[in-house]
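First the structure, in the form of structure tokens, and then the observations on it.
Computed from the coordinates by the stated procedures, all read-outs in this text should not be read as laboratory data. Predicted, not measured: the structure shown is a model, and the values here were computed from it. As a convention, Cβ positions derive from the backbone with ideal geometry for all residues, glycine included, and neighbour counts pool all protein chains shown.
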Amino acid sequence: MFHKDLNTFFTGCNYVASHAGLDMWVDWQPDIIAEDISQLAAIGTKVLRVFPIWRDFQPIHALYGIFGELREFRWHEQPLDDSSAGQVGVSIEMIQRFQIMADMAAESNLKLIVSLVNGWMSGRLFVPPGLEGRNFLTDPLAIKWQVRFVKYFVEYFKNHPSIIAWDLGNECNCLAHVDSANEAWRWTANIADAIRSKDSTRPIISGMHALTPNRAANWKIQHQAELVDILTTHPYPMFTPHCDLDPVNTIRPGLHATAETRFYADIASKPCFTEEIGTLGPMVASEKNAADFLRMSLFSLWANDCGGLLWWCAYDLNHKDNAPYDWCAYERELGMIRRNRQLKPVMEEMIKFREVIESLPFKKLPPPIRQAVCILSEDQDTWGVAYSSFVLAKQAGFDIEFQFTDQPLKDASFYMLPSVCGPDAISRRFWLKLQKKVHAGATLYISHDNCMFSDFEKVAGVEIQTRSHQTKPAVFSIESSTGNHTLSCQNDFALSLKPTRAKVIASEDDGNPVFTYASLGQGTVFFLTVPIEMFLSNTTSGFEEQNEFWRIYEIIAEGILTEKVIRKDNPMIAVTEHPLDNESRLAVLINHQPAQKVCTLKLADGWKIKDCLRGLPTQNNSCKIPGNDASIYILHHYGPK
């Protein structure tokens, strides 16, 4: 449900004024803001996310009487007046300032995503003085004033041409603690309903940070999906589990934004885009490497149907000495543009990317073909497992979509249950539906992380002899067309297996099977006794070229890999296929390493590379892709299929 202006992949940034940052509304200098907006529009920026700061737009003070009894709310000592703004404590002066900024954006053809409840910004609370000390997510009085503000603001600006979406607020799940998912649901529903009561024409965006689908989560992907139209990710490696292990210009960080955005979108069955992203300044990555990271992330998000990307933020703010800029070093140098208005390499990279996608002979890239369903379950580190599975699948040459076990089983020919953990990971009814799919011809892959299933021998063709704790890693070898590959994986729970009808693919040195496969009806079940996905999620450089765990995914996915038009031989290059018509596909190849990579492509019978839209042309189906870059090819089928 993207706005009509955002039907194609969009780019832009989060905007606070270059002179004042988050204090832009109280340190109001419209000439500087006009210069900011003019510059951003001139270099091709499409979308800005903007922030009416809650403290400034609803500056109410609480007045107390005897024994601390709350008597009334005022603007300092001035009583709230009878105007519509006054009745809800809104500063009409701030509303007028926002109107000026929004008009500037409209004149420059910039579109605005308006984040509404902005009490948490960049590590500091910006809340109305009269509500300080309350729980802003559960206290009825705090929620009442938020709803009043939201209704007034949306009603006032609902006809403004620059505004294309309403965001609940900036990472409002950081405003305060909630004790249950029901409290989080109630707050979200209150704000979303307030928006819709005044404007049902624009989509509502979640704006949250760090959601999960698990039963124990307070802020659930499924609940946000129930209540809003579009979900968002804020994939900063430093703030996201399992992501801050490798250099930003390598494969793990390079796929972070894409993996997390698809994780949300697939489980939610709603659009999702990367609303904030950045490398958090020069102590994390040089300007060149930050630009390489952005280029890699842009092409990956675009190729994997992830909506758009907004960088945090437009301008450096290292001249500011107010909080939070005084508090925290990484809040000061996050911009795409320096204080002197010179463009940084990240902004130059965003400009180049827009030029590429706008030059292509189609307006919107069709979604990629995804042939496998990755099923995530209770009791596991859901995001860690999802992330590793996504990267391993990319390395092996196929694409996955996610679902959770509390959702209807998606139709597919290949299912994955990675690093399953605990005795109630999936329900009996879900397990039986999955078996039915396999009996009908699907493939199922299970990796064990101390999980339990009923009738397991009948499904997997192995009988578990014993289960025990262990501290040593499991060491085993995988055979491939390129030789023998030894893998070592930490495994806290060892299984001793006896195959009954399963075939053994790999064993430990003592002969104990680690990796097996067995027929089940018309389908196949692969079983791996070690949780490679969970292990790799916590392993530095676990996805680099010296570690070949992706070979396991290549084996289990052979049935769907043979159905692809294009196969590649380099695990650092990700490939997506996009049907253009019955005889043509577009292929996007992305190098997730800083060095140039060479990749040999194997095309299905009758298919040839017709044209190179970006990158170096292939020679004998061999391509060279520069570091952290992408090549785009048109594939065409010649002759009978």
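Quick rundown of the values:
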item: Fraction of the pair-distance distribution of the range 413-469 above 18 Å, Cα-Cα pairs, percent; result: 31
item: Semi-axis lengths (Å, descending) of the ellipsoid that matches the C-alpha gyration tensor of the range 552-641; result: 21, 17, 11
item: The range 147-256: relative contact order as a whole-number percent, Cα under 8 Å and 6+ apart; result: 26
item: Neighbourhood charge, 15 Å Cβ-Cβ cut-off, centred on Phe430 and excluding it, Lys, Arg +1 and Asp, Glu -1; result: +1
item: Sequence-separation-based contact order of the range 75-181, relative, with Cα cut under 8 Å and 6+ spacing, percent; result: 39
item: Derived scalar couplings ³J(HN,Hα) [the range 398-408; Karplus, 6.51 cos²θ - 1.76 cosθ + 1.60; whole Hz; x for Gly, Pro]; result: 9, 10, 10, 10, 9, 8, 9, 6, 8, 10, x
item: Calculated [θ] (222 nm, deg cm²/dmol) that DSSP helices of n ≥ 4 give over the chain, each run adding -39,500 (n - 2.57); result: -8500 deg cm²/dmol
item: Alpha carbon Rg of the range 1-124, scaled by the compact-globule rule 2.2 N^0.38 Å; result: 1.27
item: Given the chain, longest segment not containing exposed loop chymotrypsin sites (Phe, Trp or Tyr not before Pro) (DSSP; at most 15 other Cβ within 10 Å); result: 1-326
item: Beta bridges per DSSP with both ends in the range 398-505, % antiparallel, nearest 5; result: 70
item: Rg [Å, one decimal], Dmax [Å, integer] - the range 222-317, C-alpha atoms; result: 13.3, 40
item: Scattering curve values for the chain, log₁₀ I(q)/I(0), Debye with Cα scatterers, q = 0.06, 0.09 Å⁻¹; result: -0.36, -0.78
item: Partners for Lys410 among aspartates and glutamates (Cα-Cα distance below 17 Å; same-chain residues under 8 apart left out); result: Asp266, Asp399, Glu401
item: Counting DSSP beta bridges with both ends in the chain, the antiparallel % (nearest 5); result: 60
item: Positive-end extreme of charge dipole, the range 305-397 - chosen from Leu343, Gln395, Trp327 (charges on Cβ); result: Leu343
item: Radius of gyration and maximum dimension Dmax of the range 152-243, Cα, Å; result: 14.0, 43
item: Descending principal axes extents, the range 98-205, alpha-carbon based, whole Å; result: 44, 27, 21
item: Two-decimal log10 I(q)/I(0) for the range 258-385, as the Debye equation yields it once each C-alpha is a single scatterer, q = 0.17 Å⁻¹; result: -0.98
item: Filter on Lys352/Lys597; Lys436/Lys602; Lys288/Lys364 - keep pairs with C-alpha separation over 26 Å; result: Lys436/Lys602; Lys288/Lys364
item: Bins of 10 Å from zero: percent of alpha-carbon pairs in the range 441-496; result: 18, 41, 35, 6
item: Value of relative contact order over the range 387-533, rounded to a whole percent, pairs C-alpha under 8 Å and six or more apart; result: 26
